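Participant: Please find one structure pasted underneath; my questions will follow.
The values are calculated or read from the model by the stated rules, or taken from the named source; none is laboratory data. Note that the structure is predicted; figures quoted are calculated from it, not measured. Note that we place each Cβ from the backbone using ideal geometry, even for glycine, and neighbour counts take in every protein chain shown.
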């Protein structure tokens, strides 16, 4: 049985080997957050396009400010976006604002707080060095230089950069379409009144939300009962999309039929279990060139295995490099002991004392306990190589997506 890290790598390798080329579309920049660039973005001119002042003060010649106490004549003012006719000569200066273009002749900017002014007479209280408080033209980027590479994920900083160079519309990869199919006779719609031994279909909603958060387009197929013919028809419908995700029906029970149907359809199985808890029965297969994930039906298992396995496949289908697991370290508040030979993902609460993260494991009732998970903002990750972690030691935490 694969470790969760090896299973995740298997998903990335197999999905990448399917050689799917994502479609592309042009979108307004205001709608491009989280999308994947389908074309690189280049600088349309030098940045900055002029020598730019980084402080409010006075543009001077460094040679005139070689010692404290130098007195200069102020011959004008430049605002950001404004211009200045002429240049700065010997023992002259120009008042300048942050972001304004440094006038010809000046090669330094002295901060206003380091000066004294009497009329047009400016006394410099500090030495100025050439280049001080100036960003030279083209220092950030030269015209036609690459700013954003193909397959870059567009966050708010990337969007700011694209806007800066005038890219009002961006070519992006199409979102992967992810079919979502819940299974089980015991599952009813969210709006239904369940019988005494039935449950509402929370997994369908969770998976739809996780697909959206991951940058995909969910295709909701509803719930299939534990009946071979109906399940097969539903799976065949799901195979029309880029990725198929099923929840439930992958354990060892008599009516866990997902693997049987996939086998009948000619699927190739890449793993049918992972050495982890929750999520041990997770299945990954391919059929008709499409990645298929059979996730355990218990809600916490569904959430954890989606994060570990489905999300990187979505990244690959988008044409992007899979995002790494966002694991960070926190100091454990109480000793934890888990059983071999599995890796454990335990609902936990992370809080900060100053800059130090501290993690507390929450008592939970297993992988169906959504009540406890709602109070958690992450999972303590307990490696099979380190099943006991003492209070005060640093431990790995996988944040719950959207909780921070």
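Participant: So, residue 368, is that one within 30 Å of residue 200 (Cα to Cα), under 20 Å from the mean Cα position of the chain (by Cα) and surrounded by fewer than 18 Cβ atoms within 10 Å (Cβ to Cβ) or not?
Facilitator: Here the answer is no, as residue 368 does not meet what is asked.
Participant: Still on this structure, I have one more. Would you kindly identify the helices (runs of 4 or more DSSP H) lying entirely within the stretch 228-305 that contain at least 3 residues that are without any contact (Cβ under 8 Å) to a residue 60 or more places away in the chain, within 20 Å of residue 11 (Cβ to Cβ) and in the same structural domain as residue 381 (by TED's automatic domain parsing)?
Facilitator: none
Participant: Being surrounded by 17 or more Cβ atoms within 10 Å (Cβ to Cβ) and over 21 Å from residue 130 (Cα atoms): is that true of residue 36 here?
Facilitator: Taking the combined requirement at face value, the residue satisfies it.
Participant: Quick check on my filter: what residues within the stretch 97-146 are in contact with a strand residue (DSSP E or B) (Cβ under 6 Å, 6 or more places away or on another chain) and free of Cβ contacts under 8 Å to residues at least 12 places away in the same chain?
Facilitator: Correct list: 116 only.
Participant: Still on this structure, please answer the following. Are there any pairs, at least 6 apart or on different chains, whose C-beta atoms fall under 8 Å, with the first in the stretch 78-94 and within 16 Å of residue 51 (Cβ to Cβ) and the second at pLDDT below 95, and if so, which?
Facilitator: 78/84; 94/84
Participant: Is it true that some residue in the stretch 162-174 is buried (at least 17 other Cβ atoms within 10 Å of the Cβ), in contact (Cβ under 8 Å) with a residue 12 or more places away in the chain and under 28 Å from residue 56 (Cα atoms)? Lay out the reasoning, then the answer.
Facilitator: Taking the stretch 162-174 first, the residues buried (at least 17 other Cβ atoms within 10 Å of the Cβ) are 162, 167, 170-174.
Now narrow it down to the ones that are in contact (Cβ under 8 Å) with a residue 12 or more places away in the chain: 162, 167, 170-174.
Within this subset, residues satisfying the condition of being under 28 Å from residue 56 (Cα atoms) are 162.
Yes: the stretch 162-174 contains one or more residues that are buried (at least 17 other Cβ atoms within 10 Å of the Cβ), in contact (Cβ under 8 Å) with a residue 12 or more places away in the chain and under 28 Å from residue 56 (Cα atoms).
Participant: Only one of these conditions is not met by residue 66: (1) out of contact with any strand residue (DSSP E or B) (no Cβ under 8 Å at 6 or more places or on another chain); (2) in the same structural domain as residue 156 (by TED's automatic domain parsing). Which number is it?
Facilitator: (2)
Participant: Scan the stretch 353-384 for residues that are in a helix (DSSP H, G or I) and touching a strand residue (DSSP E or B) at 6+ places or on another chain (Cβ under 7 Å) and jot them down.
Facilitator: Filtering the stretch 353-384 down to residues in a helix (DSSP H, G or I) leaves 370-375.
372, 373, 375 - these are the residues of the stretch 353-384 that are in a helix (DSSP H, G or I) and touching a strand residue (DSSP E or B) at 6+ places or on another chain (Cβ under 7 Å).
Participant: A further question on this structure: For the stretch 239-279, name all the residues that are within 19 Å of residue 222 (Cα to Cα), surrounded by fewer than 18 Cβ atoms within 10 Å (Cβ to Cβ) and modelled with pLDDT under 95.
Facilitator: Residue satisfying the conditions is 255 alone.
Participant: Is there a residue in the stretch 335-349 that is farther than 28 Å from residue 1 by Cα, outside the structural domain of residue 284 (by TED's automatic domain parsing), modelled with pLDDT of 95 or more and in a strand (DSSP E or B)?
Facilitator: yes
Participant: Which count do you get for residues in the stretch 182-210 that are part of a strand (DSSP E or B) and over 15 Å from residue 293 (Cα atoms)?
Facilitator: So the answer is 4.
Participant: Can you tell me which residue among 183, 152 is modelled with pLDDT under 95 and either buried (at least 21 other Cβ atoms within 10 Å of the Cβ) or touching a strand residue (DSSP E or B) at 6+ places or on another chain (Cβ under 6 Å) (or both)?
Facilitator: Result of the check over 183, 152: 183.
Participant: Related question: Would you mind finding the one in 45, 52, 8 that is surrounded by 14 or more Cβ atoms within 10 Å (Cβ to Cβ) and either in contact with a helix residue (DSSP H, G or I) (Cβ under 9 Å, 6 or more places away or on another chain) or within 18 Å of residue 177 (Cα to Cα) (or both)?
Facilitator: The conditions single out 8.
Participant: Of the residues 158, 129, only one is at pLDDT 95 or above and assigned to a loop (DSSP other than H, G, I, E, B); which?
Facilitator: Testing whether each residue is at pLDDT 95 or above and assigned to a loop (DSSP other than H, G, I, E, B) leaves just 129.
Participant: Which number in (1) touching a strand residue (DSSP E or B) at 6+ places or on another chain (Cβ under 6 Å); (2) under 27 Å from residue 35 (Cα atoms); (3) in a loop (DSSP other than H, G, I, E, B) marks the one condition that residue 310 misses?
Facilitator: (3)
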